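Report on the structure given below.
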Amino acid sequence: MRALAAYAKKQGVDGSEGYKSMRREMERFVLRSMVADNVIAKNVEVTDKEIEATYAEHSATMVRDGKKIPLAMVKEQIRAALRNEKGQKAVEVYIAELRKTAKITVNDAVLSKV
């Protein structure tokens, strides 16, 4: 990857408008992810009852080789999925609250070029 990056730089790709645009978008993505993970969704917890309820709700899909997969084997995957889902909802609520207090203007001339 370093060699490819060096080659791209030598070719002048790093100065192109496409590169600059992609870099700005990636920076925004990283910042959004960091805010979501470190600030908003940091306190999201998943209880054992929620895990058990999700396991029961999706028990028909928890089958391997015709046998039901024990909860103990999938508990942490379910916890991660629920934490992710709750985290996304927390981010949505946070953004909705920000929108209530923010003054947002849309520049249609610039928007059409994006």
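The values are calculated or read from the model by the stated rules, or taken from the named source; none is laboratory data. As the structure is a computational prediction, the values presented were derived from the model and not from experiment. Ideal geometry is used to build each Cβ from the backbone, glycine not excepted, and the neighbour counts take in all protein chains shown. Calculation scope for accessible area: heavy atoms of the full protein, side chains included, ligands and nucleic acids excluded. Shrake-Rupley method; radii C 1.70, N 1.55, O 1.52, S 1.80 Å.
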Failed criterion for ALA109 (all others in (1) without any contact (Cβ under 8 Å) to a residue 40 or more places away in the chain; (2) assigned to a helix (DSSP H, G or I); (3) open to solvent by 70 Å² or more (accessible area, probe 1.4 Å) hold):
(3)
I'd like the residue in the range 17-48 that is within 12 Å of ILE78 (Cβ to Cβ) and either part of a helix (DSSP H, G or I) or of a type in the set (A, V, I, L, M) (or both) and, out of all such residues, is nearest to the chain's Cα centre (by Cα).
VAL46
So, in the range 38-60, of the ones that are at pLDDT below 90 and open to solvent by 100 Å² or more (accessible area, probe 1.4 Å), which residue ends up farthest from ALA96 (Cα to Cα)?
GLU45
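Just to verify a result, which residue in the range 1-16, among those that are open to solvent by 100 Å² or more (accessible area, probe 1.4 Å) and not in a helix (DSSP H, G or I), is farthest from GLU97 (Cα to Cα)? Steps first, please.
Start the filter on the range 1-16 by keeping residues that are open to solvent by 100 Å² or more (accessible area, probe 1.4 Å), which leaves 1-2, 4, 7, 9-11.
Right, trim to not in a helix (DSSP H, G or I) and you get 1, 11.
Working: MET1: 41, GLN11: 45 Å.
The residue in question is GLN11.
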Quick test of your reading of the structure: LYS100 fulfils all but one of (1) closer than 21 Å to PHE29 by Cβ; (2) exposed (fewer than 10 other Cβ atoms within 10 Å of the Cβ); (3) not hydrophobic (A, V, I, L, M, F, W, C). Name the failing condition by number.
(1)
Of the residues in the range 61-97, those that are open to solvent by less than 90 Å² (accessible area, probe 1.4 Å), without any contact (Cβ under 8 Å) to a residue 12 or more places away in the chain and not in a helix (DSSP H, G or I) come to VAL63, GLY66, ILE69, PRO70
